[in-house]
Amino acid sequence: MCAMARPRKPLLSPDRIVETARDLVDREGLAAVSTRRLAAELGVSGPSLYNHFRTKDEILEAVADSVSAQVDLSMFEDGRDWRTALHDWAVSYRAALRDHPNIVPVLARGPGRRPAALRLADAVYGAMVDAGWPPAQATSIGALMRYFIMGSALGSFAGGFVDDASAYDPADYPHLGQAHLLAEQQEKIDERAFETGLGALLDGLAQQYERVRV
């Protein structure tokens, strides 16, 4: 009678390390990530990670790039006008950051050498130049959009208010009588704020575009 083969653990790979690290960051934040903790999550010895990544920072950089890779860039290639493309890209970018908010501080450092982040920057800059924006202003637009999108992902406006009405004494805060209700409408309020800000930003850029095209 043949003995049944024991199931093998999945082979360790960069993709598996990054996926496990991303899940850990999502659950517990950046501070939870260490090579020892990650090795335990993967069921391997710590030194085996160094066959794929030299340091914890390299792993976090790879996690950040895996999130950048989730951002849709097709709008810069399918004929959408520059304003529509920027809007749709911003929505996709914010959605990726909203799903992985704990990695935003790493993303905020800039693209560095991360391939997906560099492709993202290249796509935005190239689309703006192709649309007729001067190169210097195309660079500024890329920076402006990144500031706005990442800022919106760093924290929730509505979620920052406690749901205790007694915290908002009308004698001290006469205009915050409904502030304790904001948290329960967090997603709706934050989404509306993002769209309001994005629309205002794009309106302003459209006015500048008319001037640079003269």
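For the range 1-109, what is the charge dipole size about the Cα centre, in debye to the nearest 20, if Lys and Arg each add +1 at the Cβ and Asp and Glu each add -1 at the Cβ?
Using only the charged Cβ atoms, the result is roughly 580 debye.
Using a 1.4 angstrom probe on heavy atoms only, work out the carbon and sulfur share of the accessible area of the chain in %.
Carbon and sulfur atoms account for 54 percent of the accessible area of the chain.
Within the chain, which is the longest segment containing none of the trypsin sites (Lys or Arg not before Pro) that sit in a DSSP loop and have at most 12 other Cβ atoms within 10 Å?
Answer from the scan: 114-212.
Could you tell me the largest-minus-smallest coordinate of the C-alpha atoms of the range 63-199 on each of the three principal axes, in descending order and whole angstroms?
Per principal axis, max minus min of the Cα coordinates gives 55, 31, 24 Å.
Taking the simple approach of a point 7 Å from Cα along Cα-to-Cβ for both Asp81 and Ala31, what is their distance in nm?
Going by the 7 Å Cα→Cβ label model, 4.8 nm.
Within the range 113-131, find all residues whose amide N lies under 15 Å from a label point positioned 7 Å from the Cα of Thr55 along Cα-to-beta-carbon.
In the range 113-131, the label zone of Thr55 (backbone N under 15 Å from the point 7 Å along Cα→Cβ) covers 113-114.
Kindly write out, for the range 144-161 in residue order, the coupling ³J(HN,Hα) from the Karplus curve 6.51 cos²θ - 1.76 cosθ + 1.60 (θ = phi - 60°), rounded to whole Hz, with x marking Gly and Pro.
So the J values, rounded to whole Hz, are 4, 5, 5, 4, 5, 5, 5, x, 5, 8, 6, x, 8, 5, 5, x, x, 9.
Per the Cauchy relation, a quarter of the hull surface: what is the mean projected area of the convex hull of the alpha carbons in the range 29-135, in nm²?
Answer in nm², one decimal: 7.7.
At most 12 other Cβ atoms within 10 Å and a DSSP loop assignment: could you name the GluC sites (Glu not before Pro) in the range 1-106 that fit?
When the GluC sites (Glu not before Pro) of the range 1-106 are filtered for loop state and at most 12 Cβ neighbours within 10 Å, Glu77 remain.
Calculate the tail of P(r) for the range 105-176: the fraction of all Cα-Cα distances greater than 19 Å, expressed in %.
More than 19 Å apart: 55 percent of the Cα pairs in the range 105-176.
Calculate, for Arg119 and Leu11, the FRET efficiency according to 1/(1 + (r/R0)^6) with r their C-beta to C-beta distance and R0 25 Å; round to the nearest 0.05.
0.35
To the nearest 10 Å², what's Ser45's accessible area with a 1.4 Å probe?
Taking all protein chains as shown, Ser45 has close to 70 Å².
How much area per residue is accessible in the range 154-214 when the probe is 1.4 Å and only protein heavy atoms are counted (Å²)?
Spelled out: the 1.4 Å probe surface of the range 154-214, per residue, equals 70 Å².
Kindly provide the chymotrypsin sites (Phe, Trp or Tyr not before Pro) of the range 117-205 that DSSP labels as loop, not H, G, I, E or B, and whose Cβ sees at most 15 other Cβ atoms within 10 Å.
Sites meeting the loop and neighbour criteria: Phe157.
Just to confirm, what accessible area per residue do you get for the range 40-119 at 1.4 Å probe, in whole Å²?
Accessible area per residue: 49 Å².
Could you derive backbone 3J(HN,Hα) for the range 102-119 from the dihedral phi with the Karplus parameters 6.51, -1.76 and 1.60 (θ = phi - 60°), listing whole Hz in sequence and x where the residue is Gly or Pro?
Listing the rounded values in order: 6, 8, 4, x, 6, 4, 5, 5, x, x, x, 10, 6, x, 5, 5, 5, 5 Hz.
The values are calculated or read from the model by the stated rules, or taken from the named source; none is laboratory data. Values in this document were obtained by computation on a predicted structure and should not be read as measured data. Positions of Cβ are generated from backbone atoms using ideal geometry, with glycine treated the same way; all protein chains shown enter the neighbour counts. These accessible areas exclude ligands, DNA and RNA; they are computed on the full protein's heavy atoms, side chains included. Shrake-Rupley method; radii C 1.70, N 1.55, O 1.52, S 1.80 Å.
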